[in-house]
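The block underneath contains the structure these notes are about, expressed in structure tokens.
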């Protein structure tokens, strides 16, 4: 049941004298009846204090205990699937298929962390024992402390309350204070209840997960400022992400902020591929319109060159402008989309659009020389829009790649021989991105150990870490080295007999052997 | 030959209209005749630009090529060992044994990165291939770009020009712009020449290593501000390190700064151990005075409890205050030492000292209740000084551990049963440190894969990384994922046949197998 209250230390808060807000029925753009209370300063303070108090105990749990906890979260989510999906569709306006797909993806993510914990080698145990002139040194990774996670507007499940940031932090052994996204506060509350129920069932300290409602920017700011918070996970706009980053760096003790702030995800198409691949317009338009353009990896820039650009532009335009499209998650996103489109127009891009409805897909066209003179044309339009850049030759194409700021992804499409002949372009583009595709489209981020979702600034605030896939746990871990530690005080991962049977670097050799 | 000039792109600079400075004969505290030109703005600009220009080419070299380059640096250092050691002793005032020891350590560090590169698995290759519904995804780590490294005052070789920061960045494939420490500019110039000679001999781009002289704070600031610089390595004071960190975070594109800023490295001694171990005063005093107290891991706080504290204090005092001690690296360090001691006195610590010579060792004593009331007593005194904190019980001891800011190290000395009975103290202290010792003293940082030199803020700016040992290469690497990349464009580390024979995570299994 949704009550619009924050939950801290396992208990519903009863904030007095606080402001409140409502979510929207995204399809009808009308306000829903449930009222949500903004978390108060006292509640923020309490959530951080209690998380800090239980940190040591939670950090000391074994990987097996945390794996069982994550499986319990998964089971609780499955138990409440019907009501979660119903609320999700209501608040986001996403269709049934997307809802069910994102729900499964969320469970799949949790399972991947369960597997990681059970396998256990992620602690990166490194032992130097019995080396001449060197003490007994044993290092492994430990959780860094309480983490604040912000729900994302565009993924109410997979990047929100029980999404990748929360689950990776809980897997690492860090308590989480979750600030629900105000666009889908009800969905967030239901998911939080599943997590709280799992905590109860596993007998873990209730303080390891708090769920705060907050529409005002202040709630997030205060959380990031709190001295007991040791890290932040965020997915959203550049403006919001950079603001949180700046707050965190100005603290007396700066803390890491992993903000994934989106990008234009350029697709470069080389001339022969453009001429020979008639599927490109359909494929790319599908990616542009997927989720009504509300994906971090939405391809917002299509860079083409060669004699077939006119035909391509016409075909892509037709594919993008025609067909049905769902509504956007929230009226504010629609509003921003419209103003960003207007901005593109003001910068000199010709904008094509089927009609003037909010959300309706659009395509822009500019010449390479224009975009090389005006970096504003490289800014992201969040929605079902892409800007086609016409290059008169491959030199301009390379120049565009060099003008790009950091990106989550880029795609280079060429025939086999074109790719071989353009190694310099490939190398230049690679320096700008977290993921480089040579086929397909950038939307669709597989949750695999090999995934990298992040990229050079401003795509994310720390390109050395991914926010999708099991490697994302590394954001919340730091190494601690024990020197000459009595064997009975060593954690299992560092014991001579290797009771967890994990891979360890033992005197410079990666091995599962005992000592 | 030392000429007092910066070297950029393999050529000595001929700065006009620049200011200059001199180094000191540390023993006699007198100025040495050689003049050093401060790098000009144009030179700073040029060094960063050229590093950025050669970055792609250097990043594309194989691990084998970089291993051969590092071996060449080692050989060149050995060739010029005599003149380096002579200049080192002159500028630092450290005795022959320390000079030779630090020289060997520096070569040992280089060799450890050679071994790492030859083994090759450090790129953390992760492949997901042939999974249903998932594209071909292959991820590995790549260098992040040009790195600025600052030479450290206290380690003219091992933490300076060819020290851990420089060598780990060059091993990663990042060009380095080295700002020599002005206290030993001549030593730095000789070491830089060895690196430049190695670059020539291996036919690598001259721009991958620049050596800049600079006494003014402005040189370092400008380097960190430069848009082409992508990371910073620093070892030194909190004030300087934090200032560089803040500059880097205020850039349009923030960059990581790995500043290792020292700490007080507390030693906690439990009552029965204090009563039974008569070696402690000699052992601890040796650590306090080692290198005239100019170590990051110098134990500056000794926390004791039990009935034997009076005897311990008297014995430790006698050990610390008696015996010969070398001079400090530079008159400025001596001056700071004196003023920090005065500060301790002003805060109410009783200070014991043998005589009033600059550099002479000192010991302070305070009660636990005083330090719990006054955090200023927890500040570092850089030099041969330690503050003994007398606790009346173990509760006070735990309270001290909780009051501590982040530390590079802490040491807990107890009898076997005391350690078992004080697990909570162990857990509390562990949260504050990068390395926790149960025997011995914190000075002496082994260069092993298991070492962790870094710790929670303010010990270092990013506790997730070490600045000593081969894991320090991770500071300069970021993952890039290739999706559906044509096999002939893949780097060797990601090819099906695993030609480098490295460990890779292949469809969730860590293996050296081919695909």
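Let's see how each residue does on (1) in contact with a strand residue (DSSP E or B) (Cβ under 6 Å, 6 or more places away or on another chain); (2) closer than 14 Å to residue A:192 by Cβ; (3) modelled with pLDDT of 95 or more:
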residue	(1), (2), (3)
A:9	no, yes, yes
A:31	yes, no, no
A:55	no, no, yes
A:58	no, no, yes
A:71	no, no, yes
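With the structure loaded, tell me whether residue B:428 is on the phi < 0 side of the Ramachandran plot and touching a helix residue (DSSP H, G or I) at 6+ places or on another chain (Cβ under 7 Å) or whether it fails that test. Taking the combined requirement at face value, the residue satisfies it. Filtered by the rule that a residue be within 22 Å of residue A:286 (Cα to Cα) and surrounded by fewer than 14 Cβ atoms within 10 Å (Cβ to Cβ), region A:324-383 gives A:324, A:350, A:355, A:356, A:357.
A single member of A:458, A:491 is touching a helix residue (DSSP H, G or I) at 6+ places or on another chain (Cβ under 7 Å), surrounded by fewer than 24 Cβ atoms within 10 Å (Cβ to Cβ) and at pLDDT 95 or above, and it is A:458. As a summary of the residue check, residue B:85 satisfies the conditions (1) surrounded by fewer than 16 Cβ atoms within 10 Å (Cβ to Cβ); (2) under 25 Å from the mean Cα position of the chain (by Cα) except for the one numbered (1). May I ask you to verify whether residue B:281 is assigned by TED's automatic domain parsing to the domain that holds residue B:359, free of Cβ contacts under 8 Å to residues at least 60 places away in the same chain and either within 23 Å of the chain's Cα centre (by Cα) or under 29 Å from residue B:354 (Cβ atoms) (or both)? In short, yes.
One residue stands out among those in region B:252-262 that are in contact with a helix residue (DSSP H, G or I) (Cβ under 9 Å, 6 or more places away or on another chain) and part of a loop (DSSP other than H, G, I, E, B): the one that is farthest from the other protein chains (Cβ to nearest Cβ), which is B:262.
The set of residues in region B:122-162 being out of contact with any helix residue (DSSP H, G or I) (no Cβ under 8 Å at 6 or more places or on another chain), facing chain A (nearest Cβ under 9 Å) and at positive phi consists of B:124, B:133. Of the numbered conditions (1) away from chain B (no Cβ under 13 Å); (2) crowded, with 24+ Cβ neighbours inside 10 Å; (3) out of contact with any helix residue (DSSP H, G or I) (no Cβ under 6 Å at 6 or more places or on another chain); (4) more than 23 Å from residue A:334 (Cβ to Cβ), residue A:209 satisfies every one except a single condition; which is it? In the conditions (1) away from chain B (no Cβ under 13 Å); (2) crowded, with 24+ Cβ neighbours inside 10 Å; (3) out of contact with any helix residue (DSSP H, G or I) (no Cβ under 6 Å at 6 or more places or on another chain); (4) more than 23 Å from residue A:334 (Cβ to Cβ), residue A:209 misses (3) alone.
Please enumerate the residues belonging to region B:418-432 that are more than 7 Å from chain A (Cβ to nearest Cβ) and either crowded, with 24+ Cβ neighbours inside 10 Å or in contact (Cβ under 8 Å) with a residue 40 or more places away in the chain (or both). Hits for region B:418-432 are B:418, B:422, B:425, B:429. Inspect all residues belonging to region B:212-222 and state whether any of them is farther than 22 Å from residue B:247 by Cβ, buried (at least 24 other Cβ atoms within 10 Å of the Cβ) and in the same structural domain as residue B:242 (by TED's automatic domain parsing). No, region B:212-222 contains no residue that is farther than 22 Å from residue B:247 by Cβ, buried (at least 24 other Cβ atoms within 10 Å of the Cβ) and in the same structural domain as residue B:242 (by TED's automatic domain parsing). State which residue is farthest from the other protein chains (Cβ to nearest Cβ) when the search covers only region A:476-487 and only residues that are out of contact with any helix residue (DSSP H, G or I) (no Cβ under 7 Å at 6 or more places or on another chain) and farther than 18 Å from residue A:143 by Cβ. Filtering region A:476-487 for residues that are out of contact with any helix residue (DSSP H, G or I) (no Cβ under 7 Å at 6 or more places or on another chain) and farther than 18 Å from residue A:143 by Cβ, the one farthest from the other protein chains (Cβ to nearest Cβ) comes out as A:487. Here residue B:4 qualifies as surrounded by fewer than 22 Cβ atoms within 10 Å (Cβ to Cβ), touching a residue at least 12 places away in the same chain (Cβ under 8 Å) and out of contact with any helix residue (DSSP H, G or I) (no Cβ under 7 Å at 6 or more places or on another chain). Which of the residues belonging to region B:9-42 are free of Cβ contacts under 8 Å to residues at least 12 places away in the same chain, assigned to a strand (DSSP E or B) and either farther than 30 Å from residue B:53 by Cβ or within 26 Å of the chain's Cα centre (by Cα) (or both)? Residues satisfying the conditions are B:30, B:31, B:33.
Residue by residue, here is whether (1) more than 14 Å from every other protein chain (Cβ to nearest Cβ); (2) touching a strand residue (DSSP E or B) at 6+ places or on another chain (Cβ under 8 Å) holds:
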residue	(1), (2)
B:310	yes, no
B:313	yes, yes
B:326	yes, no
B:338	yes, no
B:341	yes, yes
B:358	yes, no
B:363	yes, yes
B:374	yes, no
B:402	no, no
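Quick one: residue A:269 ticks every box in (1) farther than 30 Å from residue B:405 by Cα; (2) surrounded by fewer than 24 Cβ atoms within 10 Å (Cβ to Cβ) except a single one, so which number is it? All conditions are met except number (2). Here region A:224-239 is the region considered, the condition is being within 19 Å of the chain's Cα centre (by Cα), assigned to a helix (DSSP H, G or I) and touching a residue at least 24 places away in the same chain (Cβ under 8 Å), and the residue that is farthest from residue A:24 (Cα to Cα) is A:224. No other residue among B:496, B:507 is surrounded by fewer than 21 Cβ atoms within 10 Å (Cβ to Cβ) and more than 10 Å from every other protein chain (Cβ to nearest Cβ) apart from B:496. Of the numbered criteria (1) facing another protein chain (nearest Cβ under 9 Å); (2) closer than 29 Å to residue A:130 by Cβ; (3) surrounded by fewer than 20 Cβ atoms within 10 Å (Cβ to Cβ), the one residue B:501 fails is (1). On inspection, residue A:386 qualifies as crowded, with 20+ Cβ neighbours inside 10 Å, in contact (Cβ under 8 Å) with a residue 40 or more places away in the chain and more than 10 Å from chain B (Cβ to nearest Cβ).
Scanning region B:437-447 for residues that are surrounded by fewer than 23 Cβ atoms within 10 Å (Cβ to Cβ) and either at the interface with chain A (Cβ under 7 Å from one of its Cβ atoms) or free of Cβ contacts under 8 Å to residues at least 60 places away in the same chain (or both) returns B:438, B:439, B:440, B:446.
Could you tell me whether region B:58-66 includes any residue that is assigned to a helix (DSSP H, G or I), more than 14 Å from chain A (Cβ to nearest Cβ) and under 25 Å from the mean Cα position of the chain (by Cα)? There is at least one residue in region B:58-66 that is assigned to a helix (DSSP H, G or I), more than 14 Å from chain A (Cβ to nearest Cβ) and under 25 Å from the mean Cα position of the chain (by Cα).
For region A:448-475, taking the residues that are more than 9 Å from chain B (Cβ to nearest Cβ) and touching a strand residue (DSSP E or B) at 6+ places or on another chain (Cβ under 8 Å), the one that is farthest from residue A:119 (Cα to Cα) is identified as A:459.
The values are calculated or read from the model by the stated rules, or taken from the named source; none is laboratory data. Computed from a predicted model, the values in this text were never measured in an experiment. Backbone-built Cβ (ideal geometry, glycine too); neighbour counts: all protein chains shown.
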